[in-house]
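Engineer: The structure under discussion is supplied below as structure tokens; questions concerning it will follow.
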Amino acid sequence: VAAQNCRKRKLNAILNLEEDVCNLQTQKESLKKEHSQHSRSISRMKQKLNNLYRDIFSRLRDDRGRPVNPCQYVIHCSSEGSVFIIPKHLVKSEQKRDNEKEPKQQ
């Protein structure tokens, strides 16, 4: 009787594990679909951002009325909501300083 109960418990454990595997496979497929949807959404947002960026730069003019070169400037949005046009070389040097500070803070 003890051996029979042991086999029954083992069979129940196996069935529960098989059910868990099936549930995890279903969850995995669901997560894959969700990931794919998010990837497509991010891709669409990047495209919209690129279009907006190009549109903004096509309308910008310097103090002499010449178009602002998007290869030389970047749009920077501050945490307060202000928007600035900054030369790229300043942004790169600022990023280098931020990157140098990060390891020290950890």
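Engineer: Checking R66 against (1) at pLDDT 85 or above; (2) surrounded by 10 or more Cβ atoms within 10 Å (Cβ to Cβ); (3) not aliphatic (A, V, I, L, M), which test does it fail?
Structural biologist: Among (1) at pLDDT 85 or above; (2) surrounded by 10 or more Cβ atoms within 10 Å (Cβ to Cβ); (3) not aliphatic (A, V, I, L, M), the lone unmet condition for R66 is (2).
Engineer: Looking at R40, is it at pLDDT 95 or above, part of a helix (DSSP H, G or I) and under 24 Å from the mean Cα position of the chain (by Cα)?
Structural biologist: The answer is yes for R40.
Engineer: Of the residues K92, K28, only one is modelled with pLDDT of 90 or more and open to solvent by 90 Å² or more (accessible area, probe 1.4 Å); which?
Structural biologist: Step by step, each of K92, K28 is checked, and only K28 is modelled with pLDDT of 90 or more and open to solvent by 90 Å² or more (accessible area, probe 1.4 Å).
Engineer: Return a yes/no flag: does the stretch 52-61 have any residue that is open to solvent by less than 100 Å² (accessible area, probe 1.4 Å) and part of a loop (DSSP other than H, G, I, E, B).
Structural biologist: yes
The values are calculated or read from the model by the stated rules, or taken from the named source; none is laboratory data. Here the structure is a predicted model, which means the values were calculated and not measured. FYI the Cβ positions are ideal-geometry reconstructions off the backbone, even for glycines, and counts take in every protein chain you see. Just the protein is used for accessible areas: all its heavy atoms, side chains included, with ligands, DNA and RNA removed. Shrake-Rupley method; radii C 1.70, N 1.55, O 1.52, S 1.80 Å.
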